Amino acid sequence: MGNETKISRYVDQAELATFLRDLADAVESGGKDEFACVDEFSKLKISIKNEFGQLALKAKFKSALPCDEPGAKTGSGEPAKPKYKQIKKRMRSSFKMLVKLIHEGEAPPEEAVRSFLEDSALMVTYPGYGDEYYESYSQACEAFKDAFESGDVDRMHETIDVIVHEKSRCHAKYD
């Protein structure tokens, strides 16, 4: 199944209402079959068009982890590492939010900070993608974590700017 689900079909008004109720229930309490993993979506898109009396329903949702492998393990019993590209894509989203909110003088949500810092810690375990920058980047992330935990938005601003600088240095060479 992977981490993306697509639904496409024609429905009438009653079927649409049922679909939306089922989707809402799955988002609230977990789903199965076509709604598996929708409760942990990272992206959800619904399109409904009235086409000659029939409603063309399209839904697409993406979860952070593959739905068919919850808690997937490697042969050694360790959790399976996601692909480097997947980590970078997740980081792009959380990092964008962190920078925007902090530069607007607001503390970012804890979930975004946690996600970014966990992904950062995982990212630096992949060899060959800027190893020489990993230590200084990790130190910058640790300083940001301390600033976030203190609740000091000015310190968060300073430390997120250091991360931006470290990211730019690495990407100038490796992107």
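Check PRO127 against each of (1) open to solvent by 60 Å² or more (accessible area, probe 1.4 Å); (2) in a helix (DSSP H, G or I) and name the one condition it does not meet.
Going through (1) open to solvent by 60 Å² or more (accessible area, probe 1.4 Å); (2) in a helix (DSSP H, G or I) one by one, PRO127 breaks only (2).
Of everything in the range 130-143, what is within 22 Å of GLN86 (Cβ to Cβ) and open to solvent by less than 40 Å² (accessible area, probe 1.4 Å)? Give them in sequence order.
Answer for the range 130-143, where residues must be within 22 Å of GLN86 (Cβ to Cβ) and open to solvent by less than 40 Å² (accessible area, probe 1.4 Å): GLY130, TYR133, TYR134, TYR137, CYS141.
Within the range 38-58, track down each residue that is more than 14 Å from the chain's Cα centre (by Cα) and either under 12 Å from TYR10 (Cα atoms) or open to solvent by less than 60 Å² (accessible area, probe 1.4 Å) (or both).
SER47, ILE48, LYS49, ASN50, GLU51, PHE52, GLY53, GLN54, LEU55, ALA56, LEU57, LYS58
Name the one entry in GLY75, GLY105, GLY71 that is at pLDDT below 65, more than 15 Å from GLU4 (Cβ to Cβ) and open to solvent by less than 80 Å² (accessible area, probe 1.4 Å). Write out each step before concluding.
Values: GLY75 fails: open to solvent by less than 80 Å² (accessible area, probe 1.4 Å); GLY105 fails: at pLDDT below 65.
Result of the check over GLY75, GLY105, GLY71: GLY71.
Could you tell me whether the range 149-164 includes any residue that is in contact with a Gly (Cβ under 9 Å, 6 or more places away or on another chain), surrounded by 12 or more Cβ atoms within 10 Å (Cβ to Cβ) and not in a loop (DSSP other than H, G, I, E, B)?
Checked the range 149-164: at least one residue is in contact with a Gly (Cβ under 9 Å, 6 or more places away or on another chain), surrounded by 12 or more Cβ atoms within 10 Å (Cβ to Cβ) and not in a loop (DSSP other than H, G, I, E, B).
Limited to the range 108-124, what total is found for residues that are within 19 Å of ASP161 (Cα to Cα) and either open to solvent by 70 Å² or more (accessible area, probe 1.4 Å) or among the polar types (S, T, N, Q) (or both)?
Looking only at that region, the number is 5.
Sort through LYS173, LYS145 and tell me the only one that's in contact with a Gly (Cβ under 9 Å, 6 or more places away or on another chain) and part of a helix (DSSP H, G or I).
Of the residues listed, the single one that is in contact with a Gly (Cβ under 9 Å, 6 or more places away or on another chain) and part of a helix (DSSP H, G or I) is LYS173.
The values are calculated or read from the model by the stated rules, or taken from the named source; none is laboratory data. Because the structure is predicted, anything quoted here is derived from the model rather than measured. Positions of Cβ are backbone-derived with ideal geometry, glycine not excepted, and every protein chain shown enters the neighbour counts. Calculation scope for accessible area: heavy atoms of the full protein, side chains included, ligands and nucleic acids excluded. Shrake-Rupley method; radii C 1.70, N 1.55, O 1.52, S 1.80 Å.
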